[in-house]
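The values are calculated or read from the model by the stated rules, or taken from the named source; none is laboratory data. The shown structure was predicted, so the numbers you read here are calculated from the model rather than taken from an experiment. As a convention, Cβ positions derive from the backbone with ideal geometry for all residues, glycine included, and neighbour counts pool all protein chains shown. The protein model used for the area step is the full one, side chains on, heavy atoms only, and it has no ligands, DNA or RNA in it. Shrake-Rupley method; radii C 1.70, N 1.55, O 1.52, S 1.80 Å.
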Amino acid sequence: MGAQASKQIARRKAISTEKQTLCDLKGSCGTDFPGSDYRPADRQNWMSGIGPDKIRINQIVWPGTHDSATNKIGIPFVTRPFAQCQSLSIYRQLCRGARVLDIRVNQDRLICHGILKTYSVDVVIADVKKFLSETQSEVILLEVRTEFGHDDPPEFDRYLEEQLGEHLIHQDDAVFGKTVAELLPRRVICVWKPRKSEAPKPGGALWGAGYLKDNWIDTDLPSTKFESNLKFLSQQGAAAGRRFFYRVENTVTPQPDNPIVCVKPVTSRIHSYARLFINQAVAKGWGDRLQILSTDFIDEDFVDACAGFTYARAEGKA
């Protein structure tokens, strides 16, 4: 009992120290970067505001959401706090400015996070279509994967193609160097990551797992995650020369050996440091490698940071 208590005291001290580390870094370095003062006039159409003919796909700093479709997962006040990573629907996230969605499904085409499940993926598709019908030049990167511990939904590739066919940007390495305007009217890059089923074929309507990469670190220590994100970003080539999307997630996750296991209070330890991350990436000479930045509980300032850096790239200022 005493050893367990001592361990928990040490864990709380480590968390407190790491929170202070980020706070001190922000205080000493600030959060400025090229485009940091830019604010989209309309977040629902922020790509349009920058100019579809001006921004190439590999210039975009894509604001993404982690575990995107968990707004109604679990039982309110019972299991939901342990699995909910977003409070907004997919449609409202897109309207707020999110452009990368992390969707996890089980064999029954239900959205899930671990063992918890929620609504059908049909709800996600309907929200995506609604958003597309209300906009003209916003491109979405839709990642759909079979959640760990679950089987692939049968014939799911066919389902995605049937539901999104007219909107899908087909798999093609040349897409990365094209402007948004050159891809219109198609506006969805759909990455399908099955666990056991056949992967998408080259040149098809869906993109394979190799086109969206990351280096996930499972920790609730904010400075540890921040520094590992910078380290792995430094190991990537410049976004302009890559033929895949690379994601950094500005999140930390609850750990079973810690008393605080609800997502929101844990992820809040790093949530406000997205601008600092861009600042540090630029300061260290790695700003050209940043591509997807994802978060839990997406807010306007996070979107503005990503849109601002995108704007600076489009204007030749970054």
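Can you classify region 198-301 as rounded, prolate or oblate using the Cα gyration tensor, where a ≥ b ≥ c are the square roots of its eigenvalues, rounded means a/c under 1.5, and otherwise it's prolate if a/b beats b/c and oblate if not?
On the way: a/c = 2.17, a/b = 1.38, b/c = 1.57.
Because a/c hits 1.5 or more and a/b fails to exceed b/c, region 198-301 counts as oblate.
With each run of n ≥ 4 DSSP H residues scored as -39500 (n - 2.57), what mean residue ellipticity at 222 nm is computed for the chain after dividing by its residue count and rounding to the nearest 500 deg cm²/dmol?
Numbers: 10 runs with 114 residues, N = 318.
Only helices count here, giving -11000 deg cm²/dmol.
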Rounded to the nearest 10 Å², the accessible area of Arg313 using a 1.4 Å probe with every protein chain kept is 20
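Leaving out ligands and nucleic acids, and using a 1.4 Å probe, what accessible area per residue does the chain come to in Å²?
Numbers: 13350 Å² over 318 residues.
So the chain comes to 42 Å² accessible per residue, rounded to a whole number.
Let's see if you can work this out: charge +1 on each Lys and Arg Cβ, -1 on each Asp and Glu Cβ, no other charges. What is the dipole magnitude of the chain about its Cα centre, in debye to the nearest 20?
Details: 42 positive and 39 negative charges, 141 e Å.
Here the chain has a charge dipole of around 680 debye.
Let me make sure I get this right: for region 131-249, a, b and c are the square roots of the gyration tensor eigenvalues over alpha carbons, sorted descending. Under 1.5 in a/c it's rounded, otherwise prolate if a/b > b/c, else oblate. Which is it?
Oblate.
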For Ser87 and Arg186, extending 7 Å from Cα along the Cα-Cβ vector and measuring point to point gives, in nm, a value of 3.8
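Taking 0.36 nm per intervening residue step and subtracting the Cα-Cα distance, what contour gain separates Trp216 from Ser28 on full extension?
Details: separation 188, 0.36 × 188 = 67.68 nm, distance 2.75 nm.
Contour length minus the Cα-Cα distance gives 64.9 nm.
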Once both label points are put 7 Å beyond Cα along the C-beta direction, the Gln107-Ala238 separation in nm becomes 4.8
For the chain, averaging the sequence separation of alpha carbon pairs under 8 Å that lie six or more residues apart and dividing by its residue count, the contact order in percent is 27
Correct semi-axes for the chain, from √(5λ) of the alpha-carbon gyration tensor and rounded to whole Å with the largest first, are 30, 26, 17
Expected sort for 255-265, 46-56 on mean C-beta neighbours within 10 Å, highest first, is 46-56, 255-265
On the accessible surface of region 132-211, probed at 1.4 Å with all protein chains in place, carbon and sulfur together account for a percent value of 46
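Could you sort out which of Lys19/Lys117; Lys26/Lys231; Lys130/Lys196 sit more than 23 Å apart by Cα distance in this structure? Show your work: numbers first, answer last.
Values: Lys19/Lys117 32 Å; Lys26/Lys231 18 Å; Lys130/Lys196 31 Å.
Checking Cα-Cα distances, Lys19/Lys117; Lys130/Lys196 exceed 23 Å.
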Extension length gain for Ile115 and Lys129 (0.36 nm per residue less Cα distance), in nm, is 2.3 nm
By the C-alpha gyration tensor axes a ≥ b ≥ c (rounded if a/c is under 1.5, else prolate when a/b exceeds b/c, else oblate), the shape of region 89-180 is prolate
From the Cα centre of region 1-65 to that of region 103-132, the distance in Å is 26
Label model pair Asp53, Ala174: point-to-point distance (7 angstrom along the Cα→beta-carbon line) in nm is 2.0
Site Ile75, offset 7 angstrom along Cα→Cβ, radius 20 Å on amide nitrogen, limited to region 227-263, gives 261-263
